[in-house]
Amino acid sequence: MSTRRGFLRSGALAVFGIGIGGVPGFVARAAAGFKREQLYKKNKILICIFQRGAMDGLMAVPAFTDPYLQAARPTLFMSAAKSAATNPVIDLDGRFGLHPGMKAFETLFREKKLAIVHGIGSPNNSRSHFDAQDYMESGTPFDKGTNTGWLNRASGLMGHEATPFRAVSLTNSMPRSFYGDQAAIAVSNLRDFAIQMRGNKMASNITARSFEDLYDQASSDLLKSTGKETFSAVKMLDKLDTQGYTPSNGAVYPISPLGNALKQIAQLIKIDVGLEIGFAESGGWDTHFGQGTDQGQFARNAMDISNSIAAFWKDLGATLQDDVTIMTMTEFGRTVKQNGSGGTDHGRGSCNFILGNNVQGGMVHGLVKPLSIENLEDARDLPVTTDFRAVFSEVADQQLSLHNNEILFPGWTGKKIGVMKG
């Protein structure tokens, strides 16, 4: 099902920053008029964060009482003991802990707003970053020919009118998850705009300094037919002041790409432009060497993602928190045994985090057996015991009221795991 209003009736529109500074003048004229359309009020919102590079789930949420993990990671293992040489792991339930860099998650977990799913991953055992990310974002782990992303299909299943800001990715380019027929936007910085358009009669990549420039140059009937709607919709950003924005409730975002992305998503939610699916990325999780424990590459990434998400949640405040669920994802996990360069290699199962008031929080969901050799996949990896589609479908169904897994995840017939309430 296609939306009536959208940047394109087919294909995707990517908007990205080019550093020209300031919101173009034509953007600043019509937000108030669109705001009067109550049709888009109080939508539920799903925010997805892709941890690119394959996060080590056993470092993020270690089974810290497991002697096999300690033996497999003589220099990477972290204890929960206060007397440990490193900052101790945060004991969540007596078996699983939380990396000390993710301390910002602890309160959310104790408040039962944050859930963790362990042993999650793809049934396809590819250890290629490119292939595994592609399979996860398309939602079809055994079909390379799928040309749409699962979040784009989710957008098409919503069954109601939408603004062109229904699906927004705060990234430099359109993520694979948003590929498809439904309108979507990718923008790296809401202050700076350019247009890149695919899949029409114009050149495959067109860049212009303003929507008007592109419209004036257009020979595409597709673009012209939606041009007026496009201009009007973009003007909804009239009230957005990214430079002067002060987060609510004392929230402090990390100065990082993810922190900046989530801060801008919070602004889009607050000015009520009709956002229903947001997307952001966290990079640097490919820790082949120098992974570290409470210091190092992993610890820096752990602190950034947890502090960014916690700041975003705090910034939303109690009223908006009721409408938002945040879910992380990563293409696969890493080997149980550390390698010779103080890192871990490409593995299988990992974990993800789900935050929201409608989440069965305060629990580590999923099945993780003792990490002895006989319980590992290929005698080296944490097995995938929860298909990512079981979690993604449950979160999307509950948050966005979709309930059509045949379209959302074609070919999948599995069961959900109870990570959401209701």
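The values are calculated or read from the model by the stated rules, or taken from the named source; none is laboratory data. These numbers come from a predicted model, not from an experiment. Methodologically, a virtual Cβ is constructed for each residue, glycine included, from the backbone with ideal geometry; neighbour enumeration extends over all protein chains shown.
Please find, among F388, F353, the residue that is assigned by TED's automatic domain parsing to the domain that holds P123, crowded, with 24+ Cβ neighbours inside 10 Å and over 17 Å from R127 (Cα atoms).
Answer to the check: F353.
Of G278, G259, G284, which residue is touching a residue at least 60 places away in the same chain (Cβ under 8 Å) and either in contact with a Pro (Cβ under 8 Å, 6 or more places away or on another chain) or not in a loop (DSSP other than H, G, I, E, B) (or both)? It would help to see each step written out before you state the result.
Values: G259 fails: touching a residue at least 60 places away in the same chain (Cβ under 8 Å); G284 fails: either in contact with a Pro (Cβ under 8 Å, 6 or more places away or on another chain) or not in a loop (DSSP other than H, G, I, E, B) (or both).
Answer to the selection: G278.
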Quick check: anything in the stretch 187-206 at pLDDT below 50, over 24 Å from G274 (Cβ atoms), in contact with a strand residue (DSSP E or B) (Cβ under 7 Å, 6 or more places away or on another chain) and of a type outside the set (V, I, T)? yes
Taking the residues in the stretch 135-156 that are under 12 Å from G180 (Cβ atoms) and free of Cβ contacts under 8 Å to residues at least 60 places away in the same chain as candidates, determine which candidate is surrounded by the fewest Cβ atoms within 10 Å (Cβ to Cβ). N147
Subset of the stretch 98-141 (residues that are over 30 Å from A251 (Cβ atoms) and outside any helix (DSSP H, G or I)): G119, G121, S122, P123, N124, N125, S126, R127, S128, G139, T140, P141
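Is it the case that some residue within the stretch 224-238 is of a type in the set (A, V, I, L, M, F, W, C), modelled with pLDDT of 95 or more, buried (at least 17 other Cβ atoms within 10 Å of the Cβ) and in contact with a strand residue (DSSP E or B) (Cβ under 9 Å, 6 or more places away or on another chain)? First the steps, then the outcome.
So the first thing to find is which residues in the stretch 224-238 are of a type in the set (A, V, I, L, M, F, W, C), and the list is 231, 233-234, 236-237.
Within this subset, residues satisfying the condition of being modelled with pLDDT of 95 or more are none.
No, there is no match, as no residue in the stretch 224-238 is of a type in the set (A, V, I, L, M, F, W, C), modelled with pLDDT of 95 or more, buried (at least 17 other Cβ atoms within 10 Å of the Cβ) and in contact with a strand residue (DSSP E or B) (Cβ under 9 Å, 6 or more places away or on another chain).
Yes or no: the stretch 144-166 includes at least one residue that is part of a loop (DSSP other than H, G, I, E, B), of a type in the set (D, E) and at pLDDT 90 or above. Break it down into steps so the answer makes sense when it comes.
Our first condition is that a residue be part of a loop (DSSP other than H, G, I, E, B); within the stretch 144-166, this holds for 144-149, 157-166.
With of a type in the set (D, E) added as a condition, the list becomes 161.
With at pLDDT 90 or above added as a condition, the list becomes none.
No: zero hits.
Of the residues T330, T293, T335, which single one is surrounded by 22 or more Cβ atoms within 10 Å (Cβ to Cβ), closer than 28 Å to D378 by Cα, in contact with a Lys or Arg (Cβ under 7 Å, 6 or more places away or on another chain) and not charged (D, E, K, R)?
On the way: T330 fails: in contact with a Lys or Arg (Cβ under 7 Å, 6 or more places away or on another chain); T293 fails: in contact with a Lys or Arg (Cβ under 7 Å, 6 or more places away or on another chain).
Only one candidate qualifies: T335.
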Within the stretch 73-86, which residues are at pLDDT 85 or above, in contact with a Pro (Cβ under 8 Å, 6 or more places away or on another chain) and either under 16 Å from D56 (Cβ atoms) or crowded, with 16+ Cβ neighbours inside 10 Å (or both)? F77, M78, S79, A80
Restricted to the stretch 32-61, and to residues that are surrounded by fewer than 23 Cβ atoms within 10 Å (Cβ to Cβ) and in a helix (DSSP H, G or I), which residue is modelled with the lowest pLDDT? A32
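Can you find a residue in the stretch 271-284 that is among the charged types (D, E, K, R) and at pLDDT below 95? Spell out the reasoning first.
Filtering the stretch 271-284 for residues among the charged types (D, E, K, R) gives 272, 276, 281.
Within this subset, residues satisfying the condition of being at pLDDT below 95 are 272.
Yes, there is a match, as at least one residue in the stretch 271-284 is among the charged types (D, E, K, R) and at pLDDT below 95.
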